[in-house]
Each structure stands twice: as structure tokens, then as C-alpha cells.
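Okay, structure first, notes after.
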Amino acid sequence: MLEIKNLHVRIDDKKILNGLTLTVKPGEVAAIMGPNGSGKSTLSYVIAGRQDYEVTEGEILLDGVNILELDAHERAAKGLFLAFQYPIEIPGVTTMTFLKASLNAQRKQRGEAELSTPDFMKKVRAAADKLGVPQEMLRRPLNVGFSGGEKKRLEVLQMFLLEPRYGILDETDSGLDIDALRIVSEGVNALRSPTRGFLVITHYQRLLDHIVPDVVHVMSRGQIVKTGGKELALELEKNGYRDYVTEAA
């Protein structure tokens, strides 16, 4: 279970999260929606272990163990995966090289044997075929010249290979057209299981039409201010966040 308790976070002397408390159960898809500046992306970064942020109070527990003292790569090895809103380009590093290094680094961190090149090639090609990722994409430098949809599809491929226990999607629908959104969502849905949870951060109902959440949380001013079922997202789509911004103030 992923539990966030009374989390207070600041950056450059600006407080962003103000006592946020949240639980994501195994097998659950939890959506977080909220206005710009409410702290949604900050939450995803802090869970994943980005160092720019200062946690002044609170805990992030994975199966009862506080992971705040762990580096980002250690959290990843324990089963956390962050899909970025804007995946970065890495010129000079082929996609296949990156995928193999990522997968084997996590296996090594967990004390598992590294995959041989033939075993890795078999694994990645099977996942790429399932997600409709062309082999030509895998030979190109990571994300260089990729469209927004291709970058997001490649991140879903990474999730397939790493098989995280919790996937955190930070506005993964940003910049996607309808076809790309459908393809990425199908990949995420294929990963849903009773033992794998997702935290889906989004502004829009359209993503949740494809990745249907079990629970929806509204975030404002660094706190969760309302929780409900999937119908809450429809309410937000219709009425906006005005009532919740006032409530948080």
C-alpha cells in the first residue's frame, strides 16, 4: 500500500504541499484533479524522489516503510514509476540502450541477475509489439524527434518492462491527440492488476474516459479537499474547481 501522511513540502521558501494525506491501495486507480498550482506535479515528484523539494513534515510509506530517506533509484527498484508530463530527450543514447540499462539497474538493485542481451531483446520486442511501438523507434536516440504521442507510448513501454507496483502518471494526456490518447490508455489498462496501483494526475475527464478510476481526489492549495467516485470527475468537468478553491482557502 502507498500511504502519504500529513505531507508538507516547500521549494525555494515557497510552501506547496500543506499536510496532504492520501492512500492508494494495491489494484486501485486513484485520479487526482485540481487547478493549476495546486501541487499535483509536486506530489508526483516528491513521491518519486526528486531532490529539489524539501519535505518539512510527514511521511510517504510503501508497505509501512517510510521511503523519504531513499534515493530516486532506490524507490524505483522498490516498484515506483513516474511517467513525466514532458519526457526528456537524451541525444546520443539509443532507446534500446536506455531500456536495457534501466531494466538491469533495477534488477541489480533488487539482487536479481541481469538479463542477457537475447532475453532482453525477446522481452522488449514482445512488449513493443503489444503496444504498437515500431522497432525503428527503438533504434533512435531516446525521445529525440519523437512526437508527444510517441514519447508517451515509449513511457508505457518502460512500465511494461519494469512492471512497477505503483505507476504515477503526471498529466500523461498532455499534448496527445485522440488516437495517441487511446493507444497510451490501452497500454496502461493492460497493466492494471490486483497488485498494481496507479496514481493518475490530470486536468481533464477525457483521460478518465479511457482509464476509468476507482476513486477521484480533488486537490487545491496543497491539500486533498474532496474525494469521491468516478462521477466526481464528471462534476468537475461540468462545474470547474471554483467551489473547491474557496473551500481550501
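Read-outs: derived from the displayed coordinates by stated rules, not from any lab. Please read these numbers as outputs of a predicted model, since none were measured by experiment. Cβ: placed from backbone, ideal geometry, glycine included. Neighbour counts: every protein chain shown.
Quick notes
- Residue ranges 24-34, 61-71, 79-89, 225-235 sort as 24-34, 79-89, 225-235, 61-71 when ordered by packing (mean number of other C-beta atoms within 10 Å per residue, highest first).
- For the residue pairs Lys25/Lys230; Lys15/Lys238; Lys14/Lys151, the C-alpha atoms sit more than 21 angstrom apart in Lys15/Lys238; Lys14/Lys151.
- Only helical runs count toward this figure. For the chain, summing -39,500 (n - 2.57) over DSSP H runs of n ≥ 4 and dividing by all residues gives -12000 deg cm²/dmol at 222 nm.
- Computed on the Cα atoms alone, the convex hull of the chain gives a volume of 124 cubic angstrom per residue.
- Cα-based Kirkwood hydrodynamic radius, the range 176-247, one decimal, Å: 13.4 Å
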